[in-house]
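Following: one structure in structure tokens, then a few remarks.
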Amino acid sequence: MQSKFSCPRGTTDITPFDISRWDNIERISKQILTCYNYKEIRTPLFEETELFARSMGQSSDVVCKQMLNLAAQQKDDQDGVTLSGLSLRPENTASVVRSYIQNGFDRKEPISKLFYIGPMFRGERPQKGRLRQFNQIGVEVLGPNTAQPYLDAEIISLSVHLLKSLGLEKFQLKINTLGTPEDKENFSQMLRQALKPYRKELSEYSQQRFERNVLRVLDSKDAADQEIVKKVHIGLSYLSTESQHYYAQVKEALMNLDVDFVEDQHLVRGLDYYTHTVFEICGSSLGSQDALGAGGRYNNLVRQLGGGDIDAMGFALGVERILLALGDKEVPLSNPLAAYIVPMSEEALNQGFVLMNVLRQENISCDLSYKYSAKLKNVLSNANKMDVHTVILLGEEEMKKQCVTLKDMKQKKEETISIKGNDFSKIINILKERYN
Ligand code: HAM
């Protein structure tokens, strides 16, 4: 059947055929995040546009070109309903900071280690690995006086741990530091000075960046810009002694944790809020959209959005890019269906229906083939498609003898179990022993 509608460009359906991969990614991530003492936070999918503009920066690509704003709606006198000035969240750092301030987290705990898993929205030109609705697994750590090199190293190593646990092997961690806001300003001035002789040779886009946010010239994808950037050597001379010391401690802590990294002095990140440590993880098989995840420290954002003097750092990994990088490789399996009940006559269907209900009351995952068939081949081929551990067969013979056949589809073994007097306890015990 030809469908009249397709999902909007830059979005995808996650169908039941793919959902187990998503389930596994979320389950494994939550296990690891909980082990590192992170707690989940869920914020709205839309916020005031101003929140994003103030945090990511008016000149950032996301704010300039990619915000998906909600359409203005007529004002309703009673409720005052209006959707103007609201945008779908392009990322979650700003929302988490807003929530941290609004809910007074700093009065409740000395350090807040938070994580989120969910959709983000950016009005980008869709291409492989670049979507308009995509999902992030992210963490944000906030608290007064929590800017500690060990914490930076822990957060970076957590992102690497997550990717490895999800089955990824080939990626590269790049790190850099932007220093304090004063260091960052120094960096901008030195870079502007160094790029001045080449200004006219820069791409049009980089010429605009030269004015508005010169650091972004460093991560231009334009080949001619990249050649110019190679000629410019600023090193880490823009950093104060304290910032240099902080960065050295972060690197040492990463080495102590055996986390491989390369230093990339051109890594500046596209969002304005970063200070000090920044990092990005790139997958080797992803083409131009190669960032699997990225993050960094943002010590001034809480104050900038109206809160106190609170240090913070975080990262976000892109789930769709993780799946792309995995290709056909399986994410470790989630629990398949424990049992699939297959009746082969009308009487057996009735018996199977009762059995399914009993098993479900015992929290054993199961399903039933609602339409009975007497052809064993058809029945088993359907069961195979369901990725099920055990098929419970209720055929003519079984009904006569008041028993069922348990077919272990993984180990290719079968056994006959009595259900005389509707006593299903043996089946329950076997399934619980196998799958719980
Ligand atoms: P970001 O670099 O904008 O950072 O995004 C993080 C990751 O989200 C990217 O590395 C990529 O994997 C994925 N991603 C971004 N845009 C798209 C897209 N259009 N389609 C598919 N995947 C995409 C942030 O969002 C920051 N909030 C990270 C952070 C958290 N920094 C501090 N805390």
Selection from segment 8-32 of residues open to solvent by less than 60 Å² (accessible area, probe 1.4 Å) and not in a helix (DSSP H, G or I) yields Gly10, Thr11, Thr15
Name, by its number, the condition in (1) in contact with a Phe, Trp or Tyr (Cβ under 9 Å, 6 or more places away or on another chain); (2) open to solvent by less than 80 Å² (accessible area, probe 1.4 Å); (3) over 19 Å from Thr275 (Cβ atoms) that does not hold for Lys231.
(2)
Pick from segment 403-433 the residues that are of a type in the set (Lys, Arg) and either free of Cβ contacts under 8 Å to residues at least 40 places away in the same chain or in a strand (DSSP E or B) (or both): which of them is most open to solvent (accessible area, probe 1.4 Å)?
Lys412
Scope segment 370-397; condition open to solvent by less than 20 Å² (accessible area, probe 1.4 Å) and not hydrophobic (A, V, I, L, M, F, W, C); matching residues
Thr390, Gly395
Starting from residues that are assigned to a helix (DSSP H, G or I) and small (Gly, Ala, Ser), keep the ones in segment 84-126 and report whichever is farthest from the ligand (Cβ to nearest atom).
Ser99
Checking Lys410 against (1) in contact with a Leu (Cβ under 6 Å, 6 or more places away or on another chain); (2) under 30 Å from Lys164 (Cβ atoms); (3) not aliphatic (A, V, I, L, M), which test does it fail?
(1)
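Given the criteria over 25 Å from Leu51 (Cβ atoms), of a type in the set (D, E, K, R), out of contact with any Ser or Thr (no Cβ under 6 Å at 6 or more places or on another chain) and open to solvent by 10 Å² or more (accessible area, probe 1.4 Å), does Glu109 qualify?
Spelling it out, it is not the case that Glu109 is over 25 Å from Leu51 (Cβ atoms), of a type in the set (D, E, K, R), out of contact with any Ser or Thr (no Cβ under 6 Å at 6 or more places or on another chain) and open to solvent by 10 Å² or more (accessible area, probe 1.4 Å).
Return yes or no: is Tyr198 in contact (Cβ under 8 Å) with a residue 24 or more places away in the chain and either in a helix (DSSP H, G or I) or open to solvent by 30 Å² or more (accessible area, probe 1.4 Å) (or both)?
Yes; evaluated as a whole, the condition is true for this residue.
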Index of the failed condition, Gly327 passing every other in (1) surrounded by fewer than 13 Cβ atoms within 10 Å (Cβ to Cβ); (2) more than 30 Å from Gly138 (Cβ to Cβ):
(2)
Return only the number of the condition from (1) within 16 Å of the ligand (Cβ to nearest atom); (2) in contact with a His (Cβ under 8 Å, 6 or more places away or on another chain) that Ala338 does not satisfy.
(1)
So, first residue over 19 Å from Thr43 (Cα atoms) in segment 111-127, second residue part of a strand (DSSP E or B) and open to solvent by 30 Å² or more (accessible area, probe 1.4 Å), Cβ within less than 6 Å, six or more apart or across chains; the pairs are Glu124/Arg130
For segment 127-171, the count of residues that are within 18 Å of the chain's Cα centre (by Cα), farther than 16 Å from Glu320 by Cα and in a strand (DSSP E or B) equals 3
From Lys221, Lys174, which residue is of a type in the set (D, E, K, R), part of a strand (DSSP E or B) and either crowded, with 17+ Cβ neighbours inside 10 Å or under 27 Å from the mean Cα position of the chain (by Cα) (or both)?
Lys174
Quick check on my filter: what residues within segment 59-73 are open to solvent by 60 Å² or more (accessible area, probe 1.4 Å) and away from the ligand (no atom under 16 Å from the Cβ)?
Asn69, Ala71, Ala72, Gln73
Every residue from segment 346-369 that is open to solvent by 50 Å² or more (accessible area, probe 1.4 Å) and among the hydroxyl-bearing types (Ser, Thr, Tyr)
Ser365
Given the structure, is Lys200 more than 22 Å from Phe134 (Cβ to Cβ), in contact with a strand residue (DSSP E or B) (Cβ under 9 Å, 6 or more places away or on another chain) and away from the ligand (no atom under 14 Å from the Cβ)?
no
Of all residues making up segment 262-310, the number that are outside any loop (DSSP other than H, G, I, E, B), touching a Gly at 6+ places or on another chain (Cβ under 8 Å), more than 9 Å from the ligand (Cβ to nearest atom) and open to solvent by 20 Å² or more (accessible area, probe 1.4 Å):
1
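The values are calculated or read from the model by the stated rules, or taken from the named source; none is laboratory data. Because the structure is a prediction, the values reported are computed rather than measured. Glycine also receives a Cβ, built like all others from the backbone with ideal geometry; neighbour counts cover every protein chain displayed. Note: accessible area is taken over every heavy atom of the protein model, side chains too, but ligands, DNA and RNA are not part of it. Shrake-Rupley method; radii C 1.70, N 1.55, O 1.52, S 1.80 Å.
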